[in-house]
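Since the structure comes first, as structure tokens, the remarks are kept for the end.
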Amino acid sequence: MHKQQGHNINEEAWNKESYNAWVTRFGEPSVVAEKIKNNPSKLLSVLGEEFIEVNGKKIMNLMGSCGNKAVALALMGADVSIVDFSYGNKLYALELAKEAGVSINYILSDVLNLSQEVFDVGYDIVFAEMGILHYFSDLHLFFNTVYKLLDKGGLFILRDFHPVSTKLITSRGTTAKIRKHKVSGDYFSSDLVMQEVSYSKHLKEEDKKEKVMLRKWTLGEIISGVAKEGLRIMSLKERPNLSCANYDKGIPKTFTVTAVK
């Protein structure tokens, strides 16, 4: 499949039922906004360790989805923008921001086709998280976009699923006692794979129709990709399953990279 065809499939999938999926997953924007307002820093989870001080900072959230992290950061005093190509995501995020009493700038666009005026802003922080990189068949294009968005001295934060868990190991079972792990994948495979769009697990069975094309990268490819764009890597942190550590003891589930322009 041609690279652009795969990208178009992903965009179409994310423009289908995403708004309804977020309502099912998190609740109505008015309800979610109240939870975020009570403790915005809690929503950032381990990302908060990397942001440190956000008040007054210009922050870009690439593929920011339903906007919960952006709204939390706005409540903490940041000037936040999101780029995402899903109209359903944008609708949910803007309603969420309104209910929380903050303003966010939501740019409905393909991350790889931003206008020059977006690059001219010069962001203090650019971040992306959880299930982002596998939508790109060329990491150079993505990390080059990050580099151009950042102001000199700006910080890039990437948190994503660890390739050991997404490319190599299959885990089954819902409790620690019956949880089974199997080495079933090819860590070094560069194939594009078709999967259900991630939000489909929050939809009714009859609505699970949308597929996406994914390229799953190795950790070495990711770190090399960041460095090749001229970003100075500050840290790489690997973490277990934070929500159910006993289920996946000893297996890396996520990683966080920070780098500076």
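The values are calculated or read from the model by the stated rules, or taken from the named source; none is laboratory data. This structure is a prediction, so every number in the text was calculated from the model and none was measured. With ideal geometry, Cβ positions are generated from the backbone for all residues, glycine too; neighbour counts draw on all protein chains shown. Side chains are part of the model used for accessible areas, which takes the heavy atoms of the whole protein and leaves out ligands, DNA and RNA. Shrake-Rupley method; radii C 1.70, N 1.55, O 1.52, S 1.80 Å.
All but one of (1) under 30 Å from L192 (Cβ atoms); (2) hydroxyl-bearing (S, T, Y); (3) open to solvent by 20 Å² or more (accessible area, probe 1.4 Å) hold for Y92; which doesn't?
So Y92 meets the others, but not (3).
Based on this model, can you work out whether E49 counts as under 25 Å from L236 (Cα atoms) and surrounded by fewer than 19 Cβ atoms within 10 Å (Cβ to Cβ)? Explain how you work it out, then say what you get.
Working: under 25 Å from L236 (Cα atoms): yes; surrounded by fewer than 19 Cβ atoms within 10 Å (Cβ to Cβ): yes.
Against the criterion (under 25 Å from L236 (Cα atoms) and surrounded by fewer than 19 Cβ atoms within 10 Å (Cβ to Cβ)), E49 qualifies.
For residues that are part of a loop (DSSP other than H, G, I, E, B) and either under 26 Å from K182 (Cβ atoms) or of a type in the set (S, T, N, Q) (or both), tally how many sit in the stretch 215-261.
Just the residues of the stretch 215-261 that are part of a loop (DSSP other than H, G, I, E, B), to begin with: 216-218, 229-231, 240-253, 261.
Okay, now just the ones that are also either under 26 Å from K182 (Cβ atoms) or of a type in the set (S, T, N, Q) (or both), so 216-218, 240-253.
Adding up the residues that qualify gives 17.
Filter the stretch 95-141 down to the residues that are open to solvent by 20 Å² or more (accessible area, probe 1.4 Å), farther than 28 Å from K37 by Cα, touching a helix residue (DSSP H, G or I) at 6+ places or on another chain (Cβ under 9 Å) and in a helix (DSSP H, G or I) and list them by number.
Answer for the stretch 95-141, where residues must be open to solvent by 20 Å² or more (accessible area, probe 1.4 Å), farther than 28 Å from K37 by Cα, touching a helix residue (DSSP H, G or I) at 6+ places or on another chain (Cβ under 9 Å) and in a helix (DSSP H, G or I): L112, F119, H134, Y135, H140, L141.
Give S81, S115 a once-over and let me know the one that is of a type in the set (S, T, Y) and touching a residue at least 12 places away in the same chain (Cβ under 8 Å).
Checking each option against the conditions leaves just S81.
Considering the stretch 23-66 alone, what residues qualify as being polar (S, T, N, Q) and in contact with a strand residue (DSSP E or B) (Cβ under 9 Å, 6 or more places away or on another chain)?
Residues satisfying the conditions are S45, N61, S65.
How many residues, within the stretch 172-194, are surrounded by 11 or more Cβ atoms within 10 Å (Cβ to Cβ) and modelled with pLDDT under 70?
Qualifying residue count, the stretch 172-194: 2.
With under 21 Å from A70 (Cα atoms), modelled with pLDDT of 75 or more, of a type outside the set (D, E, K, R) and in a helix (DSSP H, G or I) as the only criterion, which of V164, V146 stands out?
Working: V164 fails: under 21 Å from A70 (Cα atoms).
Of V164, V146, the one residue that is under 21 Å from A70 (Cα atoms), modelled with pLDDT of 75 or more, of a type outside the set (D, E, K, R) and in a helix (DSSP H, G or I) is V146.
Just name the residue that is farthest from the chain's Cα centre (by Cα) out of those in the stretch 238-261 that are modelled with pLDDT of 95 or more and surrounded by 14 or more Cβ atoms within 10 Å (Cβ to Cβ).
By that ranking, first place goes to K261.
Using the structure shown, decide if K152 is surrounded by fewer than 17 Cβ atoms within 10 Å (Cβ to Cβ), modelled with pLDDT of 90 or more and not in a loop (DSSP other than H, G, I, E, B).
Numbers: surrounded by fewer than 17 Cβ atoms within 10 Å (Cβ to Cβ): yes; modelled with pLDDT of 90 or more: yes; not in a loop (DSSP other than H, G, I, E, B): yes.
For K152, the condition - surrounded by fewer than 17 Cβ atoms within 10 Å (Cβ to Cβ), modelled with pLDDT of 90 or more and not in a loop (DSSP other than H, G, I, E, B) - is met.
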